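Student: I'd like to ask you about the structure that follows.
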Amino acid sequence: MIRIDTASSESSSMSDQRLLPLSAFPIADRRQIRGVFTDIDETVTTDGSLTAQAYAALEALKRAGLLVVPVTGRPAGWCDHIARMWPVDAVVGENGAFWMWLDRRAGKLCTRFVQSDAERADGQRRLQAVRAQVLREVPGAGIASDQPYRLADLAVDFCEDVPALPRAAVDRIVAIFAAHGAQAKISSIHVNGWFGDYDKLTTTRLMMRELFNIDLDAERARYVFSGDSPNDAPMFGYFPNATGVANVRDFADRMPHLPRWITQARSGAGFAELAQALLDGRNDPSS
Ligand SMILES: [Mg+2]
């Protein structure tokens with residue numbers, strides 16, 4: 001399972017503390033950061049929209065030479081667009097089912113699934129039974145509008161295009177996935193479920209090794225992950241400098257791991273705050 005030891009020895013007295021203000025992130029440690037992994041929904045986006053401020057923050061990080069990789073529960077169809085058009089180096093999608101990147105030398109978009117075609121086909125078949133039971137037993141739940149663009153998971157909408165469901169209903173959706181032997185993770189808008197033992201973290205580590213030849217276990221203190229929701233918890237537990245945008249507090253009571261740092265602003269403005277903090281670290285003449 002996920003280890004929660006924090007790799008940073010430089011500031012060990014604070015290493016077990018969580019949800020510390022981002023301003024306490026030591027400037028010298030910020031300067032060591034090589035890349036940013038980030039959730040998208042309500043971490044980069046705000047109330048469902050991508051603001052110019054948040055997009056500019058992504059662009060500024062990339063321009064400064066940092067590795068930028070969104071890690072999202074969003075579908076393959078979105079990730080195709082993101083990998084092609086956003087200022088990113090790659091994107092991990094469907095909670096770790098795959099990563100996509102634009103191979104600029106070869107001039108083509110590439111996808112690496114973590115499961116075989118046969119495993120994915122079997123998973124999709126089994127998810128049909130989950131889908132039927134959720135719709136039968138959880139009034140008000142819907143199938144996410146982005147489901148047709150998914151290649152691996154099932155996304156149940158509890159907050160995006162349907163009136164927000166109470167927590168008990170969200171828990172019931174998770175329980176139905178679990179009863180079928182599927183994994184289920186709660187984002188800010190969907191419950192995503194799949195068959196397979198991958199998640200955002202396992203796929204991010206594999207991608208770093210295969211695509212960038214980086215041993216993330218050894219380098220994790222040099223990467224920041226930003227997120228807001230329970231499906232980000234494995235990342236919060238792994239990265240010693242994980243950062244939650246302020247709205248991470250909305251879900252904090254149902255997360256096994258919380259981020260080390262927290263921004264003052266919510267959602268995309270919080271992400272921009274993080275980007276600025278990292279850029280300040282790079283630009284600080286005293287460090
Ligand atoms: Mg999110």
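Student: Between the range 222-265 and the range 153-173, how far is it from one alpha carbon centroid to the other, in angstrom?
Tutor: The two parts, judged by their Cα centres, are 21 Å apart.
Student: Note down the relative contact order for the chain as a percent, whole number, built from C-alpha pairs under 8 angstrom at least six residues apart.
Tutor: 26
Student: Round to the nearest 10 and give me the degree value, 0 to 90, for the angle of helix 167-179's Cα axis relative to the longest principal axis of the chain.
Tutor: 70
Student: Round to the nearest 0.05 the FRET efficiency obtained for GLN276 and GLN124 when R0 = 25 Å and r is the Cβ-Cβ distance.
Tutor: Values: r = 42 Å, r/R0 = 1.66.
Efficiency for this residue pair is about 0.05.
Student: Here is a follow-up. Rank-order 252-261, 166-175, 199-208 by packing density, defined as the average count of other C-beta atoms within 10 Å over each peptide's residues, highest first.
Tutor: Values: 252-261: 18.4, 166-175: 15.8, 199-208: 21.4.
Result, highest mean first: 199-208, 252-261, 166-175.
Student: Treat every Asp and Glu Cβ in the range 173-233 as -1 and every Lys and Arg Cβ as +1, leave all other atoms uncharged, and give the resulting dipole magnitude about the Cα centre to the nearest 20 debye.
Tutor: Using Cβ point charges on Lys, Arg, Asp and Glu, the range 173-233 gives about 40 debye.
Student: Treating only the Cβ of Lys, Arg, Asp and Glu as charged (+1, +1, -1, -1), what charge dipole size does the chain show about its Cα centre? Round to the nearest 20 debye. Provide the component values of the computation, followed by the final result.
Tutor: Numbers: 32 positive and 36 negative charges, 83 e Å.
Computed about the Cα centre, the dipole is about 400 debye.
Student: Relative contact order for the range 29-82 using alpha-carbon pairs under 8 Å, separation at least 6, rounded to a whole percent? Kindly include the intermediate steps, with their values, before the conclusion.
Tutor: Details: 40 pairs, mean separation 24.6, N = 54.
Taking the mean separation of contacting Cα pairs over the length of the range 29-82, I get 46 percent.
Student: Grab the beta carbon distance between LEU211 and GLN264, set R0 = 35 Å, and tell me the FRET efficiency rounded to 0.05.
Tutor: Numbers: r = 33 Å, r/R0 = 0.96.
Efficiency, rounded to the nearest 0.05: 0.55.
Student: Let me ask you something else. In angstroms, what radius of gyration and Dmax does the chain have, counting Cα atoms only?
Tutor: Just the Cα atoms of the chain yield Rg and Dmax of 18.3, 61 Å.
Student: What length, rounded to one decimal in nm, is gained on full extension from ASP16 through to ASP284, with 0.36 nm per residue of separation minus their alpha-carbon distance? Show your work: numbers first, answer last.
Tutor: Working: separation 268, 0.36 × 268 = 96.48 nm, distance 2.67 nm.
Extending this stretch completely gives an extra 93.8 nm.
Student: Between GLU59 and ARG136, what's the calculated FRET efficiency when r is the beta-carbon distance and R0 is 51 Å? Round to 0.05. Before the final figure, lay out the partial values.
Tutor: Numbers: r = 45 Å, r/R0 = 0.88.
That gives a FRET efficiency of 0.70.
Rule-based calculations on the coordinates, nothing more; no lab input. Remember, predicted model here, so these are calculated numbers, not experimental data. Don't worry about glycine lacking a Cβ; one is built from the backbone with ideal geometry, like all the others, and counts go over all protein chains shown.
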